[in-house]
Amino acid sequence: MLHVSGFVNIDWRKGTGLASSPADKGRDIVCDHPRREPDESQYFERWFVDCKHFKKGVSPKELRNMLAWAEAERPDVALFMVSNFLSNPAKDYLETYRRNNKPPFKIRCWERPQLVRMLRRKMALQRKYELTDAPIRSVRQILAAEDELFTRVWYGRSKSAKELRAAGTPEDIIKGAVRRQRDAEKRFGKKSLVENIKSDWEWGFVSGKLSAIRWVLGDEWDMLDT
């Protein structure tokens, strides 16, 4: 989440190779957040991040290590990332801490609603950690769709044998074009192919789909060569 949100120099303060992490001293992650001034100069905010993955609300005692180290080392921001929620006593504790201690750092809390909102448009991240079951097409399906759309657009642009002869097109090219038209009609049906070109809207719709699917495959937008 931090990587895709623009944070840099991200250091996971795990401390050991064990599943538990006794040596993080209240900071699971230390990272920098780039900031830019109106004059285009840039600086970095140092963030300490403490991650909490509890089934129940996080209690006040779980916040104290992070705040103690923040007091000692003075980051710009102390962030609690909580996969569930802070308990009401924990929220009261933070409010009292801010009021009484006036810390030189900001205190931020990202609870479940904020995390869900931040993840909403980050589908690649959701898929990486199996946080969504939204379907995604296979490469084979995407290539098959591109081939169909290519054929439909080509068919819509192709001319009849009569038009080609009137334009002086060589007979071998005319025969090849007619053969491709017949192949397309056999695959998708002549009626369906003609539907794609019966109006500007229909033609724009099928062309737009080809452009979009080619962009997914690595081409530039508006790549409609046939």
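In the range 196-216, the qualifying residues are those that are open to solvent by 40 Å² or more (accessible area, probe 1.4 Å) and in contact (Cβ under 8 Å) with a residue 60 or more places away in the chain, and the one that is nearest to ASP147 (Cα to Cα) is LYS209.
Does at least one position in the range 167-174 carry a residue that is exposed (fewer than 12 other Cβ atoms within 10 Å of the Cβ), farther than 12 Å from ARG152 by Cα and among the β-branched types (Val, Ile, Thr)?
Yes, the conditions are met somewhere in the range 167-174.
Screening LEU131 with (1) modelled with pLDDT under 90; (2) of a type in the set (A, V, I, L, M); (3) open to solvent by 50 Å² or more (accessible area, probe 1.4 Å); (4) over 26 Å from ASP50 (Cβ atoms) gives one miss only, at (4).
For the range 141-161, the criterion of being loosely packed, with under 10 Cβ neighbours inside 10 Å and either under 30 Å from VAL4 (Cβ atoms) or of a type outside the set (Lys, Arg) (or both) is satisfied by no residue at all. Checked against (1) over 22 Å from the mean Cα position of the chain (by Cα); (2) farther than 13 Å from LEU149 by Cα; (3) of a type in the set (D, E, K, R), ASP219 passes all but condition (1).
TYR97 meets each of the listed conditions (1) at pLDDT 95 or above; (2) open to solvent by 40 Å² or more (accessible area, probe 1.4 Å); (3) more than 26 Å from MET118 (Cα to Cα) apart from (2).
Report, by residue number, each residue of the range 106-123 that is open to solvent by 80 Å² or more (accessible area, probe 1.4 Å) and either more than 30 Å from GLU62 (Cα to Cα) or part of a helix (DSSP H, G or I) (or both). Steps first, please.
Our first condition is that a residue be open to solvent by 80 Å² or more (accessible area, probe 1.4 Å); within the range 106-123, this holds for 106, 108, 112, 117, 120-121.
Passing the criteria: ARG112, ARG117, ARG121.
Applying a threshold of 7 Å to beta carbon distances and a minimum spacing of six or more residues, or different chains, the list of pairs starting in the range 92-103 at a residue that is among the charged types (D, E, K, R) and ending at one that is surrounded by 14 or more Cβ atoms within 10 Å (Cβ to Cβ) and at pLDDT 95 or above reads ARG98/ILE107. Residue pairs whose Cβ atoms lie under 8 Å apart, separated by 6 or more positions or on different chains, with the first residue in the range 62-83 and open to solvent by 80 Å² or more (accessible area, probe 1.4 Å) and the second acidic (Asp, Glu), are ASN65/ASP50.
Being under 22 Å from ARG137 (Cα atoms), in contact (Cβ under 8 Å) with a residue 24 or more places away in the chain and not in a helix (DSSP H, G or I) is true of LEU224.
The values are calculated or read from the model by the stated rules, or taken from the named source; none is laboratory data. All of these numbers come straight from a predicted model, not from anything done at the bench. A quick note on method: Cβ atoms are made from the backbone with ideal geometry, for glycine too, and the neighbour counts reach across all protein chains shown. What goes into the accessible areas is simple: the full protein's heavy atoms, side chains included, and nothing from ligands, DNA or RNA. Shrake-Rupley method; radii C 1.70, N 1.55, O 1.52, S 1.80 Å.
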